[in-house]
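Just below is one structure, and these are the notes that go with it.
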Amino acid sequence: MRIAVDTLGGDHAPYEILKGVGEAILSGDFTPEELLLVGPEEVITKQLQEMGLKEIPPIRHTEVFIAGHEKPVVGLRSKPDASISLCVQAVRSGEADGLIAFGNTGATVAAGTMGLGMLPGIRRPGIAVTMLGRNGRFVLLDAGANPTPKPEHLFQYSLMGSAYAKDLLGHDDPRIGLLNIGGEASKGSDVLKSCHATLEESSLNFVGNVEGNHLFSGQAEVFVADGFVGNMVLKVVEGFAEYLVGAASSQGAGSGVKDTLRHLLGAADFSEVGGATLLGVNGVVLIGHGRSHANAVLPALEAVRKDIEVGVNRHIIESLAAHQSEAPSVK
């Protein structure tokens, strides 16, 4: 198994990403052979040697990256040697089994979608993020890949989220909730009402509409939303968590209180979960937060390794085949 690492993505790249890589190797959690580093060869070699590594992972050299302000598709077309593109190429060719990237989210989604293609039968990718609720970790998708989905896309997100929750979060029969403005089936947009009807008639463990204030109450293990709403929810949770920790600090709270807040709002602590998984593409892609420091690298690598080992993509394909007759058709 080998994981490609985009060392040029993120606000603190490449130094924080390389520091995290070095720490993952020095701790014994990963060997150099299990990693493929994409970025400037001289910088990578120098920093890792200074950290005490005697063996450097394989490197695919580039000094080109997609900046956060660049339009994803335009950037990818004008920069064929961009680090995220080379990571995707490595996965597509079999040189790597998965990748992590902490840079431009849109570029990672576009590169993964165009470069790897979709899993058979899957129409659109979805970004899956894990959060900590009353009954443990749950998954929310889509968190930004597809802001205007069709009912079939949301149905497929339900399938993908269920497979993810089973394989990576340990839920035997994940309950699926459709994030909406009310619990009644008649609430929401035509897309949500159509998806609700389809899920209700399916054999999936659908518990109905769930409102935002019930997100952490343990009503479901999979929450399905369009990319616009899902991304807004994620950013609100992140911002609120940062506010609470900051407020606790300003009030003189001890480290125990702040650590408890960080744990309870683990969704916002991206160093704890590593990042979000891009589901639906024909490969394993983890998107780290752009503000990530070195301590987010090992959790990201561990998440990708587990995803590869348990075969989430294979289970998504199997689930889609089992429920194909229940899915709405795209009009």
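The values are calculated or read from the model by the stated rules, or taken from the named source; none is laboratory data. Note that the coordinates shown come from a computational prediction; the quantities given were computed from them, not determined experimentally. Virtual Cβ from ideal backbone geometry, glycine too; neighbours counted across all protein chains shown. Note: accessible area is taken over every heavy atom of the protein model, side chains too, but ligands, DNA and RNA are not part of it. Shrake-Rupley method; radii C 1.70, N 1.55, O 1.52, S 1.80 Å.
I'm trying to understand the selection: among the residues of region 25-41, which are open to solvent by less than 40 Å² (accessible area, probe 1.4 Å) and under 21 Å from A303 (Cα atoms)?
Within region 25-41, I25, F30, P32, L35, L36, L37, V38 qualify.
Could you identify the single residue in G144, G136 that is at pLDDT below 95 and surrounded by fewer than 21 Cβ atoms within 10 Å (Cβ to Cβ)? Working first, answer last.
Numbers: G144 fails: surrounded by fewer than 21 Cβ atoms within 10 Å (Cβ to Cβ).
It is G136.
Restricting to region 114-128, give me the number of residues that are surrounded by 24 or more Cβ atoms within 10 Å (Cβ to Cβ) and either in contact with a Pro (Cβ under 9 Å, 6 or more places away or on another chain) or part of a strand (DSSP E or B) (or both). Step through it out loud before you land on a result.
The first filter runs over region 114-128 and keeps only residues surrounded by 24 or more Cβ atoms within 10 Å (Cβ to Cβ), leaving 125-128.
If we keep only those that are either in contact with a Pro (Cβ under 9 Å, 6 or more places away or on another chain) or part of a strand (DSSP E or B) (or both) as well, we get 126-128.
So the answer is 3.
Looking only at region 208-236, which residues are over 21 Å from the mean Cα position of the chain (by Cα), surrounded by 15 or more Cβ atoms within 10 Å (Cβ to Cβ) and more than 13 Å from G182 (Cα to Cα)?
Once the filter is applied, which keeps residues that are over 21 Å from the mean Cα position of the chain (by Cα), surrounded by 15 or more Cβ atoms within 10 Å (Cβ to Cβ) and more than 13 Å from G182 (Cα to Cα), region 208-236 yields only Q219.
Give me a count of the residues in region 55-85 that are part of a helix (DSSP H, G or I) and either in contact (Cβ under 8 Å) with a residue 60 or more places away in the chain or touching a Cys at 6+ places or on another chain (Cβ under 8 Å) (or both). Break it down stepwise before answering.
Initial filter on region 55-85 (part of a helix (DSSP H, G or I)): 72-78, 83-85.
Filter once more, keeping what is either in contact (Cβ under 8 Å) with a residue 60 or more places away in the chain or touching a Cys at 6+ places or on another chain (Cβ under 8 Å) (or both): 83-84.
Matching residues across region 55-85 total 2.
Exactly one condition in (1) in a strand (DSSP E or B); (2) modelled with pLDDT of 95 or more; (3) touching a Ser or Thr at 6+ places or on another chain (Cβ under 8 Å) is not met by A111; state its number.
(1)
How many of the residues in region 259-301 are open to solvent by 50 Å² or more (accessible area, probe 1.4 Å) and at pLDDT below 95? Walk me through how you get there before you give the answer.
Here is the first cut: in region 259-301, the ones open to solvent by 50 Å² or more (accessible area, probe 1.4 Å) are 259-260, 262-264, 272, 282, 291, 293, 295.
Now restrict to residues that are at pLDDT below 95: 259-260, 262-264, 272, 291, 293, 295.
Of the residues in that region, 9 qualify.
Any residue in region 1-23 that is loosely packed, with under 15 Cβ neighbours inside 10 Å, assigned to a loop (DSSP other than H, G, I, E, B) and more than 19 Å from the chain's Cα centre (by Cα)? Even if it seems obvious, please write down each step before you answer.
First, pick out the residues of region 1-23 that are loosely packed, with under 15 Cβ neighbours inside 10 Å: 1, 11, 15.
When the remaining residues are screened for being assigned to a loop (DSSP other than H, G, I, E, B), the result is 1, 11.
Adding the requirement that they be more than 19 Å from the chain's Cα centre (by Cα) leaves 1.
Looking for residues that are loosely packed, with under 15 Cβ neighbours inside 10 Å, assigned to a loop (DSSP other than H, G, I, E, B) and more than 19 Å from the chain's Cα centre (by Cα), one finds at least one in region 1-23, hence yes.
Go through (1) within 24 Å of the chain's Cα centre (by Cα); (2) crowded, with 22+ Cβ neighbours inside 10 Å for I44 and report which single condition fails.
Just one mismatch for I44, condition (1).
Is there any pair with a first residue in region 207-232 that is over 17 Å from E184 (Cβ atoms) and a second that is basic (K, R) and open to solvent by less than 20 Å² (accessible area, probe 1.4 Å) whose Cβ atoms are under 7 Å apart and which are 6 or more apart or on different chains, and what are they?
Matching pairs, first to second residue: none at all.
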